[in-house]
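The values are calculated or read from the model by the stated rules, or taken from the named source; none is laboratory data. Note that the structure is predicted; figures quoted are calculated from it, not measured. Cβ atoms come from the backbone with ideal geometry, glycine included; neighbour counts cover every protein chain shown. Heavy atoms of the whole protein, side chains included, go into the accessibility calculation; ligands, DNA and RNA do not. Shrake-Rupley method; radii C 1.70, N 1.55, O 1.52, S 1.80 Å.
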Amino acid sequence: MSEVRLTTPSFLVLGIIGTLGEASPYDVKVEAARTVAPFWSMPHAQVYAQCDRLLEAGLLAEVRREGGRGRRLLRVTEEGSRALRGWLEDPAFVPVEARERSILKLWFGASPGVHAPVQIAEHGRTLEEYEGLAATVGELLTRGQREALEFGIRYERMMVDFWRWVAEREPDGTREGA
């Protein structure tokens, strides 16, 4: 067993496998896309790499299914459970890393008139989707899942509000009073 530095993607994999009981790397990829993708994206290749790292570190154990393709199933070990619990209990603040492509484009001089309408429409569509999800399955979610969904709803509202503000500003982008 080697020492491995655990990252947020490591804990995402541990959390999903822990929730499912056992899972293949493919199952982790599908579950991540189905559940946490709106607020935490993770490339498919990274899921497989994390599974291998965590397996090597002894935080996951592997069982091969007999017959067929010998599908590999992973489960969280006691050590993996301890690591996950420690991470869940750690209240340390980590600044948000915002990666909004259209904001970056604005920074470099993109036209608000071109980008704002698209952003308003797309964030509005996502907001409606999240609000619909909250209305239809909100009661079935755990408290943490419901709070994460609420984050998505509030984020999308903020983005719609922001892009409306951008759209209403002066067409040439100059600052008031400049």
- Item | Difference of contour (0.36 nm per residue) and Cα-Cα distance, residue 129 to residue 169 | 11.6 nm
- Task: Would you please classify the overall shape of segment 113-170 from the alpha carbon gyration tensor, given that a ≥ b ≥ c denote the square roots of the eigenvalues, rounded means a/c under 1.5, and beyond that prolate means a/b larger than b/c while oblate covers the rest?
- Result: prolate
- Task: Give me the angle, in degrees from 0 to 90, between the Cα long axis of helix 8-20 and the longest principal axis of the Cα atoms of the chain, rounded to the nearest 10.
- Result: 60
- Karplus-derived 3J(HN,Hα) from phi for segment 156-169 (6.51 cos²θ - 1.76 cosθ + 1.60, θ = phi - 60°), whole Hz, x at Gly and Pro, runs 5, 4, 4, 5, 4, 4, 4, 5, 5, 4, 4, 5, 7, 6
- Message: Are there any trypsin sites (Lys or Arg not before Pro) in segment 103-171 that are in a DSSP loop and have at most 16 other Cβ atoms within 10 Å? List them by number.
- Response: 169
- Item | Pairwise centroid distance, computed over Cα atoms, of segment 43-122 with segment 146-167, Å | 22
- Item | Carbon and sulfur %, accessible surface of the chain computed with the full protein complex present, 1.4 Å | 55
- Task: Compute the Cα gyration tensor for segment 34-97, then decide on rounded, prolate or oblate, letting a ≥ b ≥ c be the square roots of its eigenvalues: rounded whenever a/c is under 1.5, prolate when a/b is larger than b/c in the other cases, and oblate in all that remain.
- Result: oblate
- For segment 51-61, take each phi angle, set θ = phi - 60°, evaluate the Karplus expression 6.51 cos²θ - 1.76 cosθ + 1.60, and give the result in whole Hz per residue in order, putting x for glycine and proline. 4, 5, 4, 5, 5, 4, 7, x, 8, 10, 10
- Rounded, prolate or oblate: pick one for segment 67-133, where a ≥ b ≥ c are the square roots of the eigenvalues of its C-alpha gyration tensor, a/c under 1.5 means rounded, and failing that, prolate if a/b is larger than b/c, else oblate. prolate
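Just the accessible area per residue of segment 52-147, please: how many Å² with a 1.4 Å probe?
Numbers: 7290 Å² over 96 residues.
Per-residue accessible area for segment 52-147 comes out at 76 Å².
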- State the label only: which of [x] 20.7, 73; [y] 15.8, 48; [z] 23.4, 89 corresponds to Rg and Dmax of the Cα atoms in Å computed from the shown model? [x]
- Query: Considering only the other residues whose Cβ falls under 15 Å of the Cβ of residue 55, what net charge follows from Lys and Arg at +1 and Asp and Glu at -1?
  - Reply: -3
- From phi via Karplus (6.51, -1.76, 1.60), per-residue ³J(HN,Hα) for segment 23-32 in Hz, x at Gly/Pro: 7, 7, x, 4, 4, 4, 4, 5, 5, 5
